[in-house]
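The values are calculated or read from the model by the stated rules, or taken from the named source; none is laboratory data. Treat the numbers as computed from the prediction; the structure is a model and nothing was measured. Reconstructed Cβ throughout: ideal geometry from the backbone, glycine too, with neighbour counts over all protein chains shown. SASA here: full protein model, heavy atoms, side chains in, ligands and nucleic acids out. Shrake-Rupley method; radii C 1.70, N 1.55, O 1.52, S 1.80 Å.
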Amino acid sequence: MRSRRNGTLESSKSLYSSISRSTDLSYSESKNIYFPACLKSDNLCRCGYSKSQHIEGTQINNHEKWNYKKHTKELPTDAFGDIEFENLGKTGKYIRLSCDTDSETLYNLMTQHWQLKTPNLIISVTGGAKNFALKPRMRKIVSRLIYIAQSKGAWIFTGGTHYGLMKYIGEVVRDNTISRSSEESVVAIGIAAWGMVSNRESLIRNCDAETYYSAHYILDDFKRDPLYCLDNNHTHLILVDNGTHGYPATEAKLRTQLEKYISERIIPDSNYGGKIPIVCFVQGGGKETLKAINTAVKNKIPCVVVEGSGQIADVIASLADAEGTLTSSSIKEVLENPHLLTVIKIEEAGDEIVSNAISYALYKAFSTNEQDKDNWNGQLKLLLEWNQLDLASEEIFTNDRRWESADLQDVMFTALVKDRPKFVRLFLENGLNLRKFLSNDVLTELYTNNFSSLVFKNLQIAKNSYNDALLTFVWKMVEDFRRGVKKEDKNGKDDIEIQLLDVSLITRHPLQALFIWAVLQNKKELSKVIWEQTRGCTLAALGASKLLKSLAKVKNDINAAGESEELANEYETRAVELFTECYSSDEELAEQLLIYSCEAWGGSNCLELAVEAKDQQFIAQPGVQNFLSKQWYGEISRDTKNWKIILCLFLFPLIGCGFISFRKKPTERSKKLLFYYAWFFTSPFVVFSWTVIFYIAFLLLFAYVLLMDFQKSPTMLELILYVLVFVLLCDEVRQWYMNGSKYFSDLWNVMDTLGIFYFLAGIVFRLHSSNETSWYSGRVIFCLDYIIFTLRLIHIFTVSRNLGPKIIMLQRMLIDVFFFLFLFAVWMVAFGVARQGILRKNEQRWEWIFRSVIYEPYLAMFGHYPTDIDGTHLESQISRNSGAIQPLHTGSPNWLLKLLIDMGAGEDKSSQE
């Protein structure tokens, strides 16, 4: 008889400890020999090993039936570590252990020593162990199965051999490992019989290998023997030993116990009633596959059977809906639990079919379980995890069940985090109060633990780049949540710059905060569902458009930026459709909507956001244009011709004579004229007209002083000019005070500031009339400053319906002109250096070098023919070399220089074309 020893795993010792190899993970070795009469060879034991392969001292027993529990002895495992496949470069973890190993011990090995994450799902694949060609549709099913395992964080259990379905599963796992990061790699665990593994001697550790060990395994596909080769693409291999050789399915008992143990473990964060769900996936198979299905059904594990894959899978699929007496007791036991069987047809199987089958199988098993059939919250979490909206609508949200808002808050949060917009809409339709759900704690959790750090970084970059009010507001709101919405000491510089928002502002507008959370993370459909629940949908849509366009400009990923731009355009379209509908119903209400502002969007209104986001489609709407026209003309009727308004600027009495029509009549007749004059002169169009007249008069006066009245001492007209510039200075100070740092974001404001400062500098030089040079310098500065003030007219006339588009076109063309000027400069410098080297020898005067290399070639390109090509004007164009005066090269190749000029002219002509 044998002595059986079970050790315990000490917490202070590692599995691969060099101190001791006595762990509770052991294997079985034959001790007794039994020679049955039916064996052909008298040298073989019932265990499959020969007499020479048994340990010394083994007794011969011809009468007692062989049993591994009696005739084997457990020893500490001698095969564990890393397995490396020769010539393939694949590595994985492996271990040899006894078939009686405790499931808890094995699970701890997998999670602690192998450091596998706790699975969210177990997919146990059975069947298809023979070496056969897999059908193309079955390949597609397996690929989807691996994708599900990767996305759900599942473990896949297979037979672990390099044949049939298991081989293809390994290949798909390999492809996923290559294409995805290591954190997303699929865990494929092969559980095989040690006695059926070919070349298993290479897996046994050397005597001197006490710590780390890497076994070199040879995978021989061409070897013809009843043993199997291990698959090189499985990540982990568990080799089960019961002391036999050549006996398959010895691992079935341990695999079944391990699956049952994992499925019964309590996991607090699980969406499957606090447990780890497990599903048996059946393809083809024979007698052992039927046993595995029967065992799974007895353990209340749902099975998904692929009809059309052959053998036992087709038998079960064909009999699942049949009636009558069955001869096979195993099949009968399986079919007595139809709620644990889900059949998919191989010819109809696609990506969604496989996912739906697995989720439906898990749901049927969960909902029919005595402990969980009334656990509606658990069932809903399961369907939410698998995104099975139809099942939730048909099975859970029925007319005979009434839901309270509090019952749906937990699953609502999960739906938001997992981006399930259809479930969010379903919960809202079934009684969830979104405003009550969005407490400060919920929003803080969303913005803290479920908010991309990359999005926050891009938001901060956009805020610093554009210095925009809305971006700053949103960034502060996000920062509030990430800080836990708490006040901090503001003594530091950073704390002064980052003044946290009022908490009450966020609690007053929780829907807007949730909508911004969804928009910032490009949750397209989810943000649409939330947008429909917000107040001020037009303002929210324009705000989302502006945020997305701003973030798209700072994103490094072109695809992500394109998605943001696309979503921004969609929200602009929604704003257009909504405003058009409002304007067709009630024009006055729609116009009020344009100027409606909300503190949840930084106090901005629809028009401000549309202009800042450059939503031209929205601004071009007839309702928006009509509103802008009313604001532009004030109380003056839009039917009034512009020439009439301009004429009344100089002939005031015409205003009270009915020459100008107004949109409304004064209520008091005695003050009729007063109202007319007030309405007329407060009209933005009239104010703008006076501004243009003033500015043109200013430019005329400036030109007159420069050309005809610029004396040594300032004249009266020049002093008036000083006063007008002071008025312009005051207006710029006012704009700077009102706009703050945004003032300098407009290049026209920068030009105004430069023009005024240049004018002040000209005054300083000009007033030194005793110094002729200083006085003349002041005049030159005034002349250059006049150019700046005159160019300011371009910006003024951009409001014109006729001139505005053309001015904008010219501004955009200037960018292209600079590229042509660069090409000009390249040729000009090349020609200038060659010309200087041909005509002049060793020129030492830098000013003459720049004149000959840049200035004269520039004139030559525009048709000015140089006069010194033939050696003329020698007396004035000389060079110095070591104090000696040397003339130009009179014998220079003039024909070459003329050819260069012709080439330059040709280049100039081609550039112009």
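Can you name the residue in region 339-353 that is farther than 14 Å from Pro302 by Cα and assigned to a helix (DSSP H, G or I) and, of all such residues, is farthest from the chain's Cα centre (by Cα)? Filtering first and then ranking leaves Ile353.
There is at least one residue in region 504-513 that is of a type in the set (D, E, K, R) and either in contact with an Asp or Glu (Cβ under 7 Å, 6 or more places away or on another chain) or at pLDDT 75 or above (or both).
Looking across region 243-265 at every residue that is touching a helix residue (DSSP H, G or I) at 6+ places or on another chain (Cβ under 6 Å) and in a helix (DSSP H, G or I), the one that is least open to solvent (accessible area, probe 1.4 Å) is identified as Leu258. Of the residues Trp895, Trp846, the single one that is farther than 30 Å from Leu747 by Cβ, exposed (fewer than 15 other Cβ atoms within 10 Å of the Cβ) and at pLDDT 75 or above is Trp846. Does region 268-287 contain any residue that is of a type in the set (D, E, K, R), touching a residue at least 60 places away in the same chain (Cβ under 8 Å) and in a strand (DSSP E or B)? The answer is no; no qualifying residue exists. Only residues that are within 18 Å of Glu394 (Cβ to Cβ) and touching a residue at least 24 places away in the same chain (Cβ under 8 Å) were counted in region 342-357, giving 4. Strands (runs of 3 or more DSSP E) fully within region 66-131 that include at least 2 residues being touching a Leu at 6+ places or on another chain (Cβ under 8 Å) and either surrounded by 18 or more Cβ atoms within 10 Å (Cβ to Cβ) or at pLDDT below 85 (or both): 80-85, 91-98, 121-126.
Residues being open to solvent by 80 Å² or more (accessible area, probe 1.4 Å) and either within 25 Å of Val142 (Cβ to Cβ) or at pLDDT 90 or above (or both) are represented in region 219-240 by at least one member. Considering the conditions (1) modelled with pLDDT of 80 or more; (2) open to solvent by 10 Å² or more (accessible area, probe 1.4 Å); (3) under 22 Å from Gln283 (Cβ atoms), Val354 is excluded by exactly one of them, (2). Scanning region 432-464 for residues that are of a type in the set (Gly, Ala, Ser) and open to solvent by less than 40 Å² (accessible area, probe 1.4 Å) returns a single hit, Ala462. I need every pair where a residue in region 648-673 that is over 24 Å from Asn626 (Cβ atoms) has its Cβ under 8 Å from the Cβ of a residue that is of a type in the set (Ser, Thr, Tyr), sequence separation at least 6 or different chains. Within 8 Å, the pairs are Leu649/Ser689; Phe652/Tyr677; Ile655/Tyr676; Ile655/Tyr677; Gly656/Tyr676; Gly656/Tyr677.
Of all the residues that make up region 711-735, how many are part of a helix (DSSP H, G or I) and touching a residue at least 12 places away in the same chain (Cβ under 8 Å)?
Qualifying residue count, region 711-735: 11.
Quick check, is Trp376 in contact with a Lys or Arg (Cβ under 9 Å, 6 or more places away or on another chain), open to solvent by 40 Å² or more (accessible area, probe 1.4 Å), within 24 Å of Lys152 (Cα to Cα) and of a type outside the set (Lys, Arg)? When the stated conditions are applied, Trp376 passes them.
Here is a yes/no grid of residues against (1) free of Cβ contacts under 8 Å to residues at least 24 places away in the same chain; (2) outside any helix (DSSP H, G or I); (3) loosely packed, with under 13 Cβ neighbours inside 10 Å:
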residue	(1), (2), (3)
Leu754	no, no, yes
Phe759	no, no, no
Ile763	no, no, no
Ser770	yes, yes, yes
Trp775	no, no, no
Gly778	yes, no, no
Leu784	no, no, yes
Ile788	no, no, no
Arg792	no, no, no
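The residue pairs whose first member lies in region 622-641 and is over 16 Å from Ser689 (Cα atoms) and assigned to a helix (DSSP H, G or I), whose second member is open to solvent by 30 Å² or more (accessible area, probe 1.4 Å) and hydroxyl-bearing (Ser, Thr, Tyr), and whose beta carbons are closer than 8 Å, counting only pairs six or more residues apart or on different chains, are Pro622/Tyr583; Gly623/Thr580; Gly623/Tyr583.
Residue count for region 550-608, restricted to those that are open to solvent by 60 Å² or more (accessible area, probe 1.4 Å), part of a helix (DSSP H, G or I) and either in contact (Cβ under 8 Å) with a residue 24 or more places away in the chain or not small (Gly, Ala, Ser) (or both): 16.
May I ask you to verify whether Asn467 is open to solvent by less than 20 Å² (accessible area, probe 1.4 Å) and of a type in the set (S, T, N, Q)?
no
Test Pro857 against the criterion of being within 56 Å of the chain's Cα centre (by Cα) and either modelled with pLDDT of 75 or more or not hydrophobic (A, V, I, L, M, F, W, C) (or both), and give yes or no. Considered against the rule, which asks whether it is within 56 Å of the chain's Cα centre (by Cα) and either modelled with pLDDT of 75 or more or not hydrophobic (A, V, I, L, M, F, W, C) (or both), Pro857 comes out as yes.
Just the residues that are of a type in the set (Val, Ile, Thr) and not in a helix (DSSP H, G or I), please, taken from region 658-710. Scanning region 658-710 gives Ile660, Thr667, Thr682.
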